[in-house]
1. Using the number of other C-beta atoms within 10 angstrom as an exposure proxy, rank 122, 151 with the fewest first.
2. Largest first, please: the extent of the C-alpha atoms of the range 4-161 along each principal axis, to the nearest Å.
3. Which residue, 124, 103, 80, has the most motion in a Gaussian network model of the chain that connects Cα atoms within less than 10 Å?
4. Determine the calculated [θ] at 222 nm for the chain from helices alone, applying -39500 (n - 2.57) to every DSSP H run no shorter than 4 residues and normalising by the residue count; nearest 500 deg cm²/dmol.
5. Quick one: 158, 93, fewest Cβ neighbours within 10 Å first, how do they rank?
6. Restricting to Cα pairs below 8 Å that are 6+ residues apart, what does the relative contact order work out to for the chain? Please round to a whole percent.
7. By counting other Cβ atoms within 10 Å of each Cβ, how are 21, 40 ranked from fewest to most?
Amino acid sequence: RVPIVAVVGRPNVGKSTLVNRIVGRRQAIVEDVPGVTRDRVSYEVTWSGRRFTIVDTGGWQPGAGGLSARVTAQAELAVAAADLVLFVVDATVGITETDAAVAKLLRRGDKPVLLVANKVDSAAGELDTGELWSLGLGQPYTVSALHGRGSGDLLDAVITAL
Ligand code: GDP
Ligand code: MG
């Protein structure tokens, strides 16, 4: 069976941009408007001769109502089906309450998680990762999904974790 990697996080952190970067084509829909990816969307990826399926999800917002609750439920289903979870946060914003709530659910879950700090577009952005460590999900992988910075190291870590 091909292992499944789910990409989750609150809206607008760059999940779909990261999926595009990893897939190597612009397939996931990237939007400035949060919450565009409503359903789970899967793509096949090969890295270092290893094949896996990557699943893009909509914004995960624990406790949200309305449409956001349905998008959140889809993200939770994606995690349940996954062998590995990429939890994406926006390093330029820092940890929000929603990030902390998602992190808590992931810590309580039984799935391995890699913490991805996105939007680190330059070396100057590599500053203070102390706040990210406080999420209790181990080492943060700093990347720029937009420019590709750090994505090779992240993919190496994905392959190692699978
Ligand atoms: P999603 O809602 O988590 O899927 O986020 P998107 O992938 O749709 O991206 C939301 C916004 O963040 C878009 O305007 C992206 O261009 C922007 N974005 C995504 N990744 C990066 C990045 O690495 N650096 C910067 N500066 N912007 C990014
Ligand atoms: Mg998206």
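Coordinate-derived values only; no laboratory data. These numbers come from a predicted model, not from an experiment. Cβ atoms come from the backbone with ideal geometry, glycine included; neighbour counts cover every protein chain shown.
1. With the fewest neighbours first, 122, 151 line up as 122, 151.
2. Answer, in whole Å and largest first: 38, 34, 32 Å.
3. The residue that fluctuates most here is 124.
4. Working: 5 runs with 52 residues, N = 162.
The helix contribution divided over the chain gives -9500 deg cm²/dmol.
5. Working: 158 23, 93 12.
Placing the least packed residue first, the sequence is 93, 158.
6. 24 percent
7. Details: 21 24, 40 16.
Sorted ascending by nearby Cβ count, the order is 40, 21.
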